[in-house]
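Engineer: First, the structure itself, so that you have it in front of you.
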Amino acid sequence: MSGRADSDTDPEIADSETVVEQDDPEDRPEQDDAEDLWEDARRARWTAAGTGGALALAGLAAALLRLARSAPALVPAAYATGAAVCAAAALLGSRGRTRRALWLLVAGVMVMALGDQFD
């Protein structure tokens, strides 16, 4: 068999073949689409809040570690500021402002990285 789509099929074989229908998004009720969107939004909020919280804790721990040893005062201040920005991003993310939370996470990590350059 060549597998070509335009090849002729014996009528007996064509009648016995079963066609497996795939799940078409247009065939599903609108309620399933709304539930999928709700689930995606909930997952985005949890991701933004969790990532913001983890980065805030990491920045706070780094600020305390840098404060304990002899480092310029700008270094722990930069880590603490970056941690505060990431905490604000976690708060925004938990309230559904995930796009703004993403940009705040990026800004907070950049502040922490800039503070690390002064060490």
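Engineer: In what sequence, highest mean first, do 41-53, 101-113, 76-88 appear when ranked by Cβ atoms within 10 angstrom?
Structural biologist: 76-88, 101-113, 41-53
Engineer: About the Cα centre, and with charges only on the beta carbon of Lys, Arg (+1) and Asp, Glu (-1), how big is the dipole of region 30-117? Nearest 20 debye, please.
Structural biologist: I would put it at about 680 debye.
Engineer: Tell me, what HN-Hα J-couplings in whole Hz come from the Karplus equation 6.51 cos²θ - 1.76 cosθ + 1.60 at θ = phi - 60° for each residue of region 60-69, using x for Gly and Pro?
Structural biologist: 5, 5, 5, 5, 5, 5, 6, 6, 6, 10
Engineer: Please give the net charge around Leu91, taking every other residue with its beta carbon less than 12 angstrom from that of Leu91, where Lys and Arg add +1 and Asp and Glu add -1.
Structural biologist: So the environment of Leu91 carries a net charge of +4.
Engineer: Now a separate question. Is region 30-117 rounded, prolate or oblate when judged by the Cα gyration tensor, a ≥ b ≥ c being the square roots of its eigenvalues, rounded requiring a/c under 1.5 and prolate requiring a/b larger than b/c?
Structural biologist: Prolate.
Engineer: Something else about it: If r is the Cβ-Cβ distance from Gln31 to Trp103 and R0 is 22 Å, what FRET efficiency results, to the nearest 0.05?
Structural biologist: That gives a FRET efficiency of 0.10.
Here, each number is a calculation from the coordinates, and none is a lab measurement. Model, not experiment: these values are computed from the prediction. Virtual Cβ from ideal backbone geometry, glycine too; neighbours counted across all protein chains shown.
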